[in-house]
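S.K.: Okay, handing you the structure first.
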Amino acid sequence: MTDQRPQETLLTVRGIITQVGAQSGYTADTLGVGTCVTFVERTLADHRSLLRNADNLTALRQICDAFIDAGWPQAHKLVFGIEQIFR
């Protein structure tokens with residue numbers, strides 16, 4: 001879905017992670033963080049122009065924030081990488 005509808009996929013993933021993921025424990029699971037890292041890295045690599053829209057950039061940050069709140073250092077690295085892209 002990411003290649004076919006990147007914006008809709010990003011917003012859907014954000015909704016799932018922020019509304020259900022933290023409550024269900026998904027953000028505290030190592031498989032969850034691995035999937036998140038892959039998704040964010042792929043979005044940054046393949047759909048960077050999507051992040052020029054403030055709502056989409058906020059959605060990507062919110063996904064990372066859910067994993068930061070769960071204590072995953074990989075999410076901190078991703079957020080730092082997002083900031084570097086636009087400098």
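The values are calculated or read from the model by the stated rules, or taken from the named source; none is laboratory data. Since we're looking at a predicted model, the values are computed, not measured. Neighbour counts are summed over all protein chains in view; Cβ atoms, including those assigned to glycine, are modelled from backbone coordinates with ideal geometry. The area values use the complete protein model at the heavy-atom level, side chains included, leaving out ligands, DNA and RNA. Shrake-Rupley method; radii C 1.70, N 1.55, O 1.52, S 1.80 Å.
S.K.: For D29, indicate whether it is over 13 Å from the mean Cα position of the chain (by Cα), modelled with pLDDT under 85, at negative phi and of a type outside the set (A, V, I, L, M, F, W, C).
M.R.: The answer is yes for D29.
S.K.: Can you tell me which residues in the range 2-47 are under 19 Å from K77 (Cα atoms) and out of contact with any helix residue (DSSP H, G or I) (no Cβ under 7 Å at 6 or more places or on another chain)?
M.R.: Within the range 2-47, A28, D29, T30, L31, G34, T35, T38, E41, R42, A45, D46 qualify.
S.K.: Restricting to helices (runs of 4 or more DSSP H) lying wholly in the chain: which have 2 or more residues that are among the charged types (D, E, K, R) and either surrounded by fewer than 17 Cβ atoms within 10 Å (Cβ to Cβ) or in contact with a strand residue (DSSP E or B) (Cβ under 6 Å, 6 or more places away or on another chain) (or both)?
M.R.: Because the criterion is at least 2 residues that are among the charged types (D, E, K, R) and either surrounded by fewer than 17 Cβ atoms within 10 Å (Cβ to Cβ) or in contact with a strand residue (DSSP E or B) (Cβ under 6 Å, 6 or more places away or on another chain) (or both), the helices (runs of 4 or more DSSP H) in the chain that meet it are 30-46, 54-69, 73-85.
S.K.: Follow-up. May I ask you to list the residues in the range 72-87 that are in contact (Cβ under 8 Å) with a residue 24 or more places away in the chain and not hydrophobic (A, V, I, L, M, F, W, C)?
M.R.: Result: Q74, G81.
S.K.: Cβ-Cβ below 7 Å, separation at least six or inter-chain, first residue in the range 46-69 and free of Cβ contacts under 8 Å to residues at least 40 places away in the same chain, second open to solvent by less than 10 Å² (accessible area, probe 1.4 Å) and in a helix (DSSP H, G or I): which pairs?
M.R.: That search, which allows pairs on different chains as well, returns L51/L60; L57/L51; R61/I82; C64/V40; C64/A75; I68/A75.
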